[in-house]
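One structure is given here, and the rest of the page talks about it.
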Amino acid sequence: MAKITRYNGDLKAFSSAAAGTERTVFGELSQSDDLTAQITAEFLRGWGIVAPFENPSLQDFNAAMYTHGQLLSYLHQAGLAEYNASQEFFLGSVTQFDGALYISTAAGNIGNQPDTSPSSWRDPAHLKANIASPNFTGIPTAPTAAAGTDTEQIASTEFVQGEIATVVSSIAETAVGKAEIYYMGQF
């Protein structure tokens with residue numbers, strides 16, 4: 001299946017412009033535009049509320065489509081669902097909390113607030129390189145290691161030049177070294 005192109009506009013729910021009692025809360029006679037009010041026991045039961053050989057009402061069709069449309073509209077607006085303590089999140093589920101993204105590290109993750117439950121969530125923003133060291137903007141820089149450092153840390157050009165100067169200086173102390181440096185045009 002090809003990628004569906006996002007609706008270009010402010011996505012409104014089906015029957016959001018219904019007049020009068022054309023749309024009620026699913027299975028009920030009351031009206032509400034509140035999404036939470038739409039998720040009733042009747043909504044969860046679905047068309048089981050209609051007796052065999054009866055037709056669902058216009059209002060119930062509109063209520064069902066409105067509720068699903070509101071859920072889609074919310075996702076278009078939010079981009080990613082906000083964390084809710086009642087929602088079950090699966091391993092790898094992504095949510096947002098206080099403007100930050102979190103990835104669930106547990107299956108059946110319910111009631112574990114992302115910012116206070118590090119064993120259940122990880123913040124992918126913390127997976128990035130530390131911008132304080134080294135600096136990756138413009139010409140990348142790194143701290144200069146102490147002379148003689150022999151580790152796997154990054155070597156700056158300043159460190160390399162210092163090590164070369166040390167080696168050249170020690171070679172220059174020997175007669176053979178002086179001849180080699182002279183030959184290379186460095187004397």
**Q.** Phi-based couplings in Hz for the stretch 74-84 (Karplus 6.51, -1.76, 1.60; Gly and Pro marked x)
**A.** 4, 5, 5, 6, 7, x, 8, 4, 6, 4, 9
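I need to check one value: relative contact order of the stretch 1-132, counting alpha carbon pairs closer than 8 Å and at least 6 residues apart, in percent. Intermediate results must be reported in sequence, preceding the final value.
On the way: 164 pairs, mean separation 24.4, N = 132.
Once normalised by length, the contact order is 19 percent.
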Q. Ordered by packing density, taken as the mean number of other Cβ atoms within 10 Å over each peptide's residues, highest first, how do 18-26, 143-151, 56-64, 31-39 rank?
A. 56-64, 18-26, 31-39, 143-151
Q | Cut-off under 5 Å, modelled amide H: who pairs with Gln31 long-range | A | Val25
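Since every read-out is calculated from the coordinates, none of them should be taken as a lab result. Remember, predicted model here, so these are calculated numbers, not experimental data. Counting neighbours? That spans all protein chains shown, and the Cβs are built from the backbone with ideal geometry, glycine included.
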